[in-house]
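To keep things clear, I will list the structure first and then write my remarks on it.
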Amino acid sequence: MPALEQDMNWSRTFVSSTAALSLIVMAVLAPLIGIFVDRHGPRMALVAGTALIAFGAFAVALSDSKIVFILAYSGLTSLGFGIAAIHVVSTAVAQLFTRNKGLAMGIATSGATAGQFLIVPLIAGVLVFAGWRWSFAAIGIACMVLVPILWRLLPSRRSLDPVSVRRDKARRSVAADVRYVFRKPAFHILFWSFFLCGYTTTGVIETHFLPYADHHGFGPIPSATAYGVLSAVNMGGMILAGWLADRMNRPLLLGSIYLLRGLSFLLLINIGADYSTLILFAVFFGIVDYSTVPVTASLVESHIGLHVMGLTMGLISAGHSVGGALGALFGGYLFERYAQYDWVWWSSIGLAMLAGLMVFMLRDRPPALSNAATA
């Protein structure tokens, strides 16, 4: 961001606003692409989304005006990110696997944090040696390499039908699917718990963790190192949570993750000038950060149904994005008002605990879904 602002003489407010607009685009798109995946399978969505990210990254690299930058970043790349999204990956895994689905979801979705841990430093190296334009171009090239691989390896919709997603010939309408989802109590529990999840992860940690570390006197390199540790542990936490989802009571598992996440903020409040405590928080929080994703996806399939999993996960992911936006905004407001982050972390403790208690209301195995619902 600083290199882009300096080169183009753009303000931090403009660049940040463009990023915020991209989150809104992704939130709006999430349920729509979920509906598409329910009806046509994940291959076209993941291929098209990855290609759009590539085209958008190339367009950003070539942009020389604010209008082009907005259209490229908040337009093309945001559409790509919204289409090739984590809820699409979860739905794809649910459609492809009949055994060990939780573990498979954990491994597949852990790519989200693997990207932060592995790709971001590489892109930063390109930035230092070649500039921000080549950083975006490198992302575009990598995505273009992935496109034919995805098309070749992912099965078509027709080959998916006999496995687990066959529907009757009288296909339900989108309106009927939406009504079906909203009538499910499990949806509202999972939606609002994931909304609070967004506040306590994307909202306050991904936005305010590094500024908080700087506020306590830790330099850029130690702070970035701590965040790298968090991302690395995060990847393992997602795989572990997916493995456990196949083997234990899932509402108990998911609720416990939220409760432990709430307790982890106590470490953040008491960091002071102790760098080891910052690292300890990164490890603790990393285990319970994105680990909610495979467990939530597993509960969506069993409690709401595979035939509407794309739609349901899209709605839930949109709620996560909105919760994250509120966390980022509210965190900034509280810091500006009180010149410290304690109230940000205390609010996160309370909301994480609330999310855990909500999830405990679910049963691990719901009553059998009706034939009309699962057709």
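The values are calculated or read from the model by the stated rules, or taken from the named source; none is laboratory data. None of the values given here were measured: they were computed from a predicted structure. Reconstructed Cβ throughout: ideal geometry from the backbone, glycine too, with neighbour counts over all protein chains shown.
Things to note:
- Options Ile141, Ile123; residue that is of a type in the set (A, V, I, L, M) and modelled with pLDDT of 85 or more: Ile141
- Of the helices (runs of 4 or more DSSP H) lying entirely inside the range 155-227, those containing at least 2 residues that are farther than 30 Å from Leu267 by Cα, in contact with a helix residue (DSSP H, G or I) (Cβ under 6 Å, 6 or more places away or on another chain) and modelled with pLDDT of 85 or more are 174-182, 185-198.
- Of the residues making up the range 333-342, none is in a helix (DSSP H, G or I) and buried (at least 24 other Cβ atoms within 10 Å of the Cβ).
- Only listed residue being within 28 Å of Leu315 (Cα to Cα), assigned to a helix (DSSP H, G or I), at pLDDT below 85 and of a type in the set (Phe, Trp, Tyr), chosen from Phe117, Phe129: Phe117
- Search result, residues across the range 263-279 that are of a type outside the set (S, T, N, Q), closer than 28 Å to Ile189 by Cβ and crowded, with 21+ Cβ neighbours inside 10 Å: Phe265, Leu268
- Residues of the range 203-230 that turn out to be surrounded by fewer than 20 Cβ atoms within 10 Å (Cβ to Cβ) and closer than 17 Å to Ser348 by Cα, as a count: 4
- Residue match in the range 17-32 (condition: outside any helix (DSSP H, G or I), touching a residue at least 12 places away in the same chain (Cβ under 8 Å) and on the phi < 0 side of the Ramachandran plot): no
- Filtered residue count, the range 255-277, keeping only those that are more than 14 Å from Trp345 (Cα to Cα), modelled with pLDDT under 95 and in a helix (DSSP H, G or I): 3
- Residue within the range 284-306 that is more than 18 Å from the chain's Cα centre (by Cα), of a type outside the set (A, V, I, L, M, F, W, C), farther than 19 Å from Ser193 by Cα and assigned to a helix (DSSP H, G or I) present: no
- Considering (1) under 23 Å from the mean Cα position of the chain (by Cα); (2) part of a helix (DSSP H, G or I), the lone condition that Leu362 does not fulfil carries the number (2).
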